[in-house]
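Below is one structure, written out as structure tokens, with a few remarks after it.
The values are calculated or read from the model by the stated rules, or taken from the named source; none is laboratory data. These numbers come from a predicted model, not from an experiment. Cβ sites come from the backbone with ideal geometry, for glycine too, and all protein chains shown count toward neighbours. Accessible surface is based on the protein model in full, side chains and every heavy atom, while ligands, DNA and RNA are left aside. Shrake-Rupley method; radii C 1.70, N 1.55, O 1.52, S 1.80 Å.
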Amino acid sequence: MSRIGYARVSSASQDLDIQIDKLAAAGCEVIRSETGSGASRDGRIELNTVLEFLRKDDELVVHRLDRLGRSTRDVLNLVHELDTRGASLRVLEPDITTKGEMGRMVITVLGMVADMELKFIKDRQRAGIEVAKTKGTYKGRQKNVDDAEIQKRVENGETKAQIARDLGVSRMTVYRALNK
């Protein structure tokens, strides 16, 4: 039986060290970590890598359930995937495993709580943005790409799709820059 740890933070300003230390102390031979949203499994390369290598009797270990995901459906789908492979999930805080029926029930409840917490966070964020807009202080997210750079590339004959890929932005961002 192998214990494989998975650690995740939502943004680069957060620290993975506490999670990694707890996973190592729990006996994880391999620990994979990444930065990204827990709202969905989409784009979480390290989690997908871990899932590819889990075998019968292996255990996926996470510090807290919300590090695995904030969507009840995603968490339950993941537990189902582990079950079909003969593997299990262990959450360190609180100490829960899916090896038994009671653990699955607790995981379901905790998944629902994590899902609700994500909704509360988004509601608070939305409310804060609305207040900032009424005060005239809301500026939106800071731009990642200079509009002049996009315009220069178009003038040099690059396609809008290629510009978007090269700069790591959506095509809509390219079109917005060109309409200014």
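Descriptive notes on the structure:
- Per-residue HN-Hα couplings for the stretch 75-89 [Karplus 6.51, -1.76, 1.60; θ = phi - 60°; Hz; x = Gly/Pro]: 5, 5, 4, 5, 4, 4, 4, 4, 4, 5, 8, x, 9, 9, 10
- Per-pair calculated FRET efficiency, R0 = 35 Å: Asn77 and Asn179 via Cβ, rounded to 0.05: 0.30
- Fully extended contour minus Cα-Cα distance, from Lys56 to Met105, at 0.36 nm per residue: 15.5 nm
- Taking θ as phi - 60° and the Karplus parameters 6.51, -1.76 and 1.60, the scalar couplings of the stretch 21-35 work out to 4, 5, 5, 5, 5, 7, x, 6, 6, 10, 10, 10, 9, 7, 10 Hz in sequence order, x denoting glycine and proline.
- Rounded to two decimals, the Cα radius of gyration of the stretch 1-75 over 2.2 N^0.38 Å is 1.03.
- Counted over the chain, the DSSP beta bridges are approximately 10% antiparallel.
- For the stretch 26-81, trypsin sites (Lys or Arg not before Pro) meeting the loop criterion (DSSP other than H, G, I, E, B) and having at most 16 other Cβ atoms within 10 Å: Arg55, Lys56, Arg64.
- For Ala7, distant residues with modelled amide H under 5 Å away: Arg32, Ser33, Glu34
- Mean separation of Cα contacts under 8 Å (6+ apart) over length of the stretch 42-180, as relative contact order %: 18
- Charged side chains reduced to their Cβ positions (Lys and Arg at +1, Asp and Glu at -1) give the stretch 32-174 a dipole of some 540 debye around its Cα centre.
- Accessible area (Å², per residue) of the chain, counting only protein heavy atoms and a probe of 1.4 Å: 62
- What separates the Cα centres of the stretch 59-113 and the stretch 1-45 is a distance of 14 Å.
- Residue by residue, the stretch 137-154 carries 3J(HN,Hα) couplings of 9, 7, 10, x, 6, 5, 5, 8, 10, 7, 4, 5, 4, 5, 4, 5, 5, 5 Hz when phi is fed to the Karplus relation 6.51 cos²θ - 1.76 cosθ + 1.60 (θ = phi - 60°); x denotes Gly or Pro.
- Here the Gaussian network model covers the chain, with springs between Cα atoms less than 10 Å apart; of Lys99, Lys135, Lys143, Lys143 fluctuates the most.
- For Cα Rg over 2.2 N^0.38 Å, calculated from these coordinates, the label among (i) 1.31; (ii) 1.00; (iii) 2.45: (i)
- Between Val145 and Asp95, residue separation times 0.36 nm minus the direct Cα-Cα distance comes to 13.5 nm.
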